[in-house]
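Written below as structure tokens is the structure these notes are about.
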Amino acid sequence: MFDTKESSRGFCSFQLLIIPSLLLSSALCPATDNSALASPDRGGETSINSIGMEFIRVPAGTFFMGAGEDEEGSSKEKPRHRVSISHPFYLGRYEVTQEQWMAVMGGVNPSNFLSLDRPVDEVSWNDIQLFIERLNKKEQGQLYRLPTEAEWEYAARAGSDTAYAYGDDPEGVQLGQYAWYELNSGKQSHPVGSLRPNGWGFYDMHGNVTEWVQDRYDKDYYSKGPEENPKGPATGRKRVVRGGSWINQAYSCRSAFRGYYSPDYTDSDFGFRIVRIIEDASR
Ligand SMILES: [Ca+2]
């Protein structure tokens with residue numbers, strides 16, 4: 001069962017913040033400006049499921065995905081291209097914790113850094129599919145899945161065009177306020193939500209554990225994928241990971257950064273967050 005309430009932060013505060021940037025960006029940078037395009041008409045609701053997972057409602061919208069022309073990034077992050085998300089969805093405010101994993105998986109905890117409030121780690125893409133299958137059975141009437149790569153980046157950017165959701169930060173001066181990464185992590189994960197969230201209220205989109213998403217990987221997909229609701233290539237073995245982790249340098253924590261691994265791969269810096277599907281998109 002879900003307890004829904006309006007969030008005191010997230011989209012409401014975001015809408016206030018983008019008003020000046022809307023005016024500025026429409027004059028200076030009309031081509032690939034997410035702050036101009038991402039204008040959620042309704043959002044910020046949160047919900048909590050029976051095992052304490054908190055979700056933020058992300059409204060349908062359009063954004064520019066991938067690294068900007070001036071951003072230092074690999075060819076697989078380009079070209080920056082327009083993407084439409086046609087249905088609202090709920091996305092986990094936090095990475096899935098070890099406590100939540102154990103609640104679904106019969107008490108089994110595969111993590112390297114044992115602590116109930118840290119993200120579960122050492123989970124493969126395949127392991128996560130079993131977790132989701134069991135969670136869907138446990139939470140009858142609700143449907144969960146991994147986010148698509150586009151949904152993940154849409155939420156990570158939170159209306160930003162910059163390398164990180166809070167800015168470009170080329171010297172990495174502010175990143176430690178938002179992300180556990182190689183320079184501040186002490187070579188380990190940390191409790192979820194212990195640093196600053198992005199403008200839509202999501203924590204640890206940069207750093208802590210890198211996050212599996214649903215999509216298969218293709219280095220050219222940005223050039224040939226559909227604009228509306230891209231779901232990744234139909235074939236291919238590798239699956240995409242996003243957001244960087246406690247072991248990574250700042251470069252790998254950027255919003256546009258993409259990694260890819262075999263679906264049976266596990267590591268102590270690999271975790272995930274999940275989507276709860278909103279069946280009635282008119283909500
Ligand atoms: Ca993360």
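The table that follows gives values for the structure above.
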| item | result |
| --- | --- |
| Lone qualifier among G207, G199 - being under 19 Å from A163 (Cα atoms), more than 10 Å from the ligand (Cβ to nearest atom) and in contact with a Gly (Cβ under 9 Å, 6 or more places away or on another chain) | G199 |
| Residues within the stretch 126-150 that are more than 15 Å from the ligand (Cβ to nearest atom) and under 22 Å from S255 (Cα atoms), tallied | 3 |
| Answer from P110, P147 - the residue that is more than 30 Å from G66 (Cα to Cα), touching a helix residue (DSSP H, G or I) at 6+ places or on another chain (Cβ under 9 Å) and modelled with pLDDT of 95 or more | P110 |
| Checking G172 against (1) within 14 Å of the ligand (Cβ to nearest atom); (2) modelled with pLDDT under 95, the condition it does not meet | (1) |
| From G207, G159, G193, residue being at positive phi and surrounded by fewer than 21 Cβ atoms within 10 Å (Cβ to Cβ) | G193 |
| Out of T97, T62, sole residue that is away from the ligand (no atom under 16 Å from the Cβ) and either out of contact with any Cys (no Cβ under 7 Å at 6 or more places or on another chain) or of a type in the set (D, E, K, R) (or both) | T62 |
| Residues located in the stretch 82-108, provided they are crowded, with 17+ Cβ neighbours inside 10 Å and of a type outside the set (A, V, I, L, M) | P88, F89, Y90, G92, R93, Y94, E95, T97, Q98, Q100, W101 |
| Counted residues, the stretch 88-110 - those being touching a residue at least 40 places away in the same chain (Cβ under 8 Å) and either in a strand (DSSP E or B) or more than 23 Å from P197 (Cβ to Cβ) (or both) | 8 |
| Any hit, the stretch 233-241, residues being within 14 Å of the ligand (Cβ to nearest atom) and either surrounded by 18 or more Cβ atoms within 10 Å (Cβ to Cβ) or within 19 Å of R157 (Cα to Cα) (or both) | yes |
| Subset of the stretch 176-190 [surrounded by fewer than 24 Cβ atoms within 10 Å (Cβ to Cβ) and either closer than 16 Å to R273 by Cα or hydrophobic (A, V, I, L, M, F, W, C) (or both)] | L183, H190 |
| Restricting the stretch 210-219 to residues that are in contact (Cβ under 8 Å) with a residue 60 or more places away in the chain and acidic (D, E), the residue that is farthest from the ligand (Cβ to nearest atom) | D215 |
| Matching residues, the stretch 111-156, being surrounded by fewer than 21 Cβ atoms within 10 Å (Cβ to Cβ) and polar (S, T, N, Q) | N112, S115, S124, N126, Q129, N136, Q140, Q142 |
| Close pairs from the stretch 233-247: first over 9 Å from T210 (Cβ atoms), partner more than 9 Å from the ligand (Cβ to nearest atom) and of a type in the set (A, V, I, L, M, F, W, C), Cβ under 7 Å, at least 6 apart | R239/W125; R239/W212; V240/V213 |
| Among the residues listed as S185, S255, S189, S223, the single one being closer than 27 Å to E69 by Cα and within 12 Å of the ligand (Cβ to nearest atom) | S255 |
| Subset of the stretch 72-107 [at pLDDT 95 or above and of a type in the set (D, E)] | E77, E95, E99 |
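The values are calculated or read from the model by the stated rules, or taken from the named source; none is laboratory data. What you see is a predicted model, and the numbers here were worked out from it, not measured in a lab. No Cβ is skipped: glycine too gets one built from the backbone with ideal geometry, and neighbour counts run over all protein chains shown.
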